[in-house]
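The values are calculated or read from the model by the stated rules, or taken from the named source; none is laboratory data. For clarity, every value in this text was computed on a predicted model and none was experimentally measured. No Cβ is skipped: glycine too gets one built from the backbone with ideal geometry, and neighbour counts run over all protein chains shown. The area values use the complete protein model at the heavy-atom level, side chains included, leaving out ligands, DNA and RNA. Shrake-Rupley method; radii C 1.70, N 1.55, O 1.52, S 1.80 Å.
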Amino acid sequence: MNRRRTPRSASAEDLLNTLQDLTARARREVEFHQARVELAQALQRDMLPAALPTLPGLQSAARYAPARHGLDIGGDWYDGFPLADGALGFAIGDVQGHDVEAAAFMGQVRIAMRAIAGTASDPGEILGRTNDLLVSVDSGLFATCTFLRLDPTTWELRSARAGHVASVWATTGGRSGVTEDPGGMPLGIEPGEGYPVTRHTLDSEGVIVLLTDGVVEGPSLLIEDGLERVRRLVAAHAGASATQLADEVLGAAEVTGHEDDAAVLVLRHAAARRGAR
């Protein structure tokens, strides 16, 4: 009668070799992903502006924080630069996705927007033409964005939104709120999209805070609650400097769980001068 042989037990040497092989593969994976994180961080760091424009009566400051975990870096950006007509343009945005591809696409959006703003100054037109250019590239990614145009003579602010989270404002006189201006679709989805422009004059001293959803939304916080929390924070510090307020608002991202990257752009402004045209 034949008896079935039991499988040979793995020797200690076999187990050790298997463990070493798995460890080596895990190390290669970690090194590969770490290299991608470092590349994304370098792209993000080099593509964000080193300085933002200022004027007499206007302070500007921005902050960026990468996500805490994994490859979640590279989607958010901010910018500020002179426009073709002498006004100042400010933008903040968020690219869908993360890692190297998102960081590279962020750079494309920012460069395209600056180039278009060299011949146009209306925020709606700038977003519309940027959108059409990104659609033609057909990268498969899209971006949300808010673009502001500030006239340094009249202190008139024109703004347009492309699927981006609302902004927060406050005056030193005690008023505050969350913007409710209309917007269009995110950039890079549909050609020919229109972006309505909202206009108002900064007739009171105060602050405007543009941000990305990583500041106000997360697994532990709904976006509406996050915006309300930032509104209260901005109202309480409306008289602070732009840099101080940018630090305060970015700190608010901690309560969201901060799984996404986060960006903040603060404009601290004086009141419009009477009689300015």
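General observations
- If you take all other residues with their beta carbon under 13 Å from the beta carbon of Pro56, and give Lys and Arg +1 and Asp and Glu -1, the sum is +2.
- Area projected by the alpha carbon convex hull of the range 169-277, averaged over all directions, nm²: 8.5 nm²
- For the range 62-189, Kirkwood radius (reciprocal of mean inverse C-alpha pair distance, Å): 15.3 Å
- Exposure check, 1.4 Å probe, all protein chains in place: Glu248 carries approximately 80 Å² of accessible surface.
- Computed from backbone phi with θ = phi - 60° and the Karplus coefficients 6.51, -1.76 and 1.60, the 3J(HN,Hα) list for the range 167-172 is 9, 10, 9, 7, 10, 5 Hz; x is used for glycine and proline.
- Reduced Cα scattering model of the range 193-248, Debye log10 I(q)/I(0), q = 0.18, 0.19, 0.27 Å⁻¹: -0.77, -0.83, -1.10
- List Leu141, Leu134, ordered by accessible area with a 1.4 Å probe, largest first: Leu141, Leu134
- Fraction of accessible area attributable to carbon and sulfur, the range 125-277 (%, probe 1.4 Å): 48 percent
- For the range 152-201: rounded, prolate or oblate by the Cα gyration tensor [a/c cutoff 1.5]: oblate
- Per residue, in Å², the accessible surface of the range 139-277 once ligands and nucleic acids are set aside, probe 1.4 Å: 43 Å²
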